[in-house]
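Shown next, in structure tokens, is the structure this report addresses.
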Amino acid sequence: MRKKVTVVGAGNVGANCALRIAGKELADVVLVDIVEGVPQGKGLDILESGPVEGYDVNVIGANDYEATANSDIVVITAGFPRKPGMSRDDLLLANYEIVKTATEQAVKYSPNSILVLVTNPLDAMCWTAFQISKFSKNRVIGMAGVLDTARFRTFIAQELGVSVSNVTALVLGGHGDTMVPISRLTNVSGIPLSELLDQATIDRLVDRARNGGAEIVKYLKTGSAYYAPSAAAVEMVESILKDQKKVLPCAAYLEGEYGIKDLFVGVPIKLGSRGIEKIYEIKLQADEQAALAKSAAAVKELIEVIKTKM
Ligand code: APR
């Protein structure tokens, strides 16, 4: 049986997810959006790239979910992006309604799927999808850490003039200004970052990674990043479909790990065909634990707002 992935939202992130999934021949793709014609047009356009690029999967677009039936994965990117001066949290209530609808439809047509959330504010949208879908916790996963670490790795590689492929980084916490890049566990081919850069430089790079999304919003003015976010989401899709069991930082539902309960927060997980197959709970230093607790508290504040709407 061919694999099938639904991408909800045919905007910048969604269309690029569809293009990357097709380009890697991971699955047939159904692109869904509320705007009439847009998912159909973009889907056809991506399909017509196949003969040139040499990929052979089916890509279609739709305004309803019938064509999405029996998807293996539903990637939810539908929702408003940030504009300059906005935080991800400013999107909360508008995107809550959108993610709620998308989740209901995903559950109705693809009851055995795995949900990969991209819509911001990410951790709160994961919690929404988890509550609405009633899926087991291994089947609701948020894309944040792969993107945040990609940004951190990019800045470290640039600073050192080395290949990004040699830089391994870990970012924990919510996908917001309070995210917690763990520079102590970041290394370049096994060499700790502290051996290569002074603390002031490391702090500057951590800060840039934390504000990596806002940096792009400031340039684009009319929206937020989409090339790196779609690449990150598709790395997760690939790890699930191919049962690669990659260890990636993703938003996962925690039930006491890291002292956090009933929240989605970014942690290292093993990602395979069953979704989240393991959550790695690593020993943190006191300052790291405190920063993570602060980040979780920021996520909790948003959840409290959502609870009043449910
Ligand atoms: N169902 C399906 N699609 C919807 C719905 C809905 N209920 N509501 C809105 N959309 C669609 C819009 O029509 C639009 O095509 O979602 C798409 C969003 O696309 P963009 O505006 O280009 O936003 P994008 O950059 O893709 O970001 C989407 O991902 O990274 C996050 O913060 C970002 O929350 C934002 C989301």
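We did not get these values from a lab; they are worked out from the coordinates using the rules stated. Computed from a predicted model, the values in this text were never measured in an experiment. Cβ placement follows ideal geometry from the backbone for every residue including glycine, while neighbour counts extend to all protein chains displayed.
Data table
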| read-out | value |
| --- | --- |
| Strands (runs of 3 or more DSSP E) enclosed by the range 232-306 - at least 3 residues per element that are touching a strand residue (DSSP E or B) at 6+ places or on another chain (Cβ under 6 Å) and aliphatic (A, V, I, L, M) | 246-255, 261-272 |
| The range 1-29: number of residues that are assigned to a helix (DSSP H, G or I) and buried (at least 24 other Cβ atoms within 10 Å of the Cβ) | 7 |
| Residues located in the range 174-221, provided they are of a type in the set (S, T, N, Q), within 28 Å of residue 126 (Cβ to Cβ) and not in a loop (DSSP other than H, G, I, E, B) | 183 |
| Matching residues, the range 105-120, being more than 8 Å from the ligand (Cβ to nearest atom) and either of a type in the set (Phe, Trp, Tyr) or within 19 Å of residue 253 (Cβ to Cβ) (or both) | 106, 107, 109, 111, 112, 113, 114, 115, 116, 117 |
| Selection within the range 121-168 - away from the ligand (no atom under 16 Å from the Cβ) and of a type in the set (Phe, Trp, Tyr) | 130, 135, 152, 155 |
| Options 122, 147, 93, 117: the member that is within 22 Å of residue 179 (Cα to Cα) and surrounded by fewer than 17 Cβ atoms within 10 Å (Cβ to Cβ) | 93 |
| Residue tally, condition more than 12 Å from the ligand (Cβ to nearest atom) and more than 20 Å from residue 148 (Cα to Cα), over the range 78-104 | 1 |
